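Student: Quick one: structure below, then a few questions.
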């Protein structure tokens with residue numbers, strides 16, 4: 001997908017643009033540990049960490065572009081050769097960026113949320129089993145692991161990032 005398609009319908013400012021917005025994008029990541037060459041790195045401010053502190057690590061991974069916040073980055077390396085796009089708040093535009101990249105999955109998915117004090121894991125696995133028996137494709141995000149299309153992988157935190165979850169769902 002092209003960078004201009006990822007940015008479709010979103011307000012942004014171009015900080016640095018060698019060439020045009022016809023850059024190929026192979027994915028979107030908010031975590032430099034999960035970032036692959038050709039993907040966009042979105043620097044988001046979190047509760048404990050700020051992705052803007054990891055821009056040097058991101059640049060070492062050969063991203064296709066950097067998405068940063070207007071007020072966070074005062075200067076960039078002089079030899080930077082990729083697009084740098086600024087937003088008022090990257091965390092607020094991230095769902096729209098991901099929706100554009102992944103083809104609006106929010107319009108295709110049916111979601112079930114299970115809350116409470118006890119029995120959530122048991123209940124989610126029972127619901128998953130029933131739906132799979134009925135031939136449905138089921139994904140499950142739990143506190144220990146996540147499942148999709150028969151593939152299970154551990155999660156590092158109880159609420160994985162939207163970017164990493166969509167990467168799993170899209171295959």
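Bear in mind that the values in this text are calculations on the coordinates, not laboratory data. The structure displayed is predicted, hence computed values, not measured ones. Ideal geometry is used to build each Cβ from the backbone, glycine not excepted, and the neighbour counts take in all protein chains shown.
Student: Can you pull a Stokes-Einstein diffusion coefficient for the stretch 3-104 at 37 °C (0.692 mPa s), Rh from Kirkwood over Cα pairs, as a whole number of µm²/s?
Tutor: 245 µm²/s
Student: Here's another thing I want to ask about it. Given R₀ = 30 Å, FRET efficiency for residue 76-residue 24 by Cβ-Cβ distance, to 0.05?
Tutor: The computed FRET efficiency comes out at 0.90.
Student: Highest mean first, what order results for 154-162, 63-71, 95-103 on Cβ atoms within 10 Å?
Tutor: 63-71, 95-103, 154-162
Student: Something else: Mean separation of Cα pairs under 8 Å and 6+ residues apart, divided by the residue count of the stretch 109-170: what relative contact order is that in percent?
Tutor: Relative contact order of the stretch 109-170: 18 percent.
Student: Here's another thing I want to ask about it. Can you tell me the orientation of helix 90-101 relative to the chain, as the angle in degrees between its alpha-carbon axis and the longest Cα principal axis, to the nearest 10?
Tutor: 70 degrees
Student: Taking the chain as the region of interest, what is the percent of Cα-Cα pairs per 5 angstrom bin, listed from the shortest bin to the one with the maximum distance?
Tutor: 1, 7, 16, 19, 18, 13, 10, 8, 5, 2, 1, 0
Student: Follow-up. Could you calculate the FRET efficiency of residue 157 with residue 62 from 1/(1 + (r/R0)^6), where r is the beta carbon distance between them and R0 is 25 Å, rounded to 0.05?
Tutor: With R0 = 25 Å, the Cβ-Cβ based efficiency is 0.45.
Student: Here is a further query. Please list, in order, the residues from the stretch 71-105 whose amide nitrogen is less than 17 Å from a point placed 7 Å along the Cα→Cβ vector of residue 17.
Tutor: Zone members listed by number: 81-88.
Student: Going by average Cβ neighbours within 10 Å, how do the peptides 112-123, 18-29 rank, with the highest at the top?
Tutor: Listed from highest to lowest mean packing, they are 18-29, 112-123.
Student: Now, a different point. Relative to the longest principal axis of the chain, what angle (0 to 90°, nearest 10) does the C-alpha long axis of helix 120-133 take?
Tutor: 80 degrees
Student: How large is the Kirkwood hydrodynamic radius of the stretch 109-170, in angstrom, based on all distinct alpha carbon pairs?
Tutor: The answer is 12.3 Å.
Student: Please tell me the relative contact order of the chain in percent, rounded to the nearest whole number, where contacts are Cα pairs under 8 Å and at least six residues apart.
Tutor: Averaging sequence separation for qualifying contacts and normalising by length gives 18 percent for the chain.
Student: Related question: For the chain, what is the mean residue ellipticity at 222 nm derived from helices alone (per DSSP H run of n ≥ 4: -39500 (n - 2.57); sum divided by total residues; nearest 500 deg cm²/dmol)?
Tutor: So the helix-based figure for the chain works out to -7500 deg cm²/dmol.
Student: May I ask for the Rg/Rh ratio of the stretch 60-127, computed from Cα atoms with Rh as the Kirkwood radius, given to two decimals?
Tutor: 1.20
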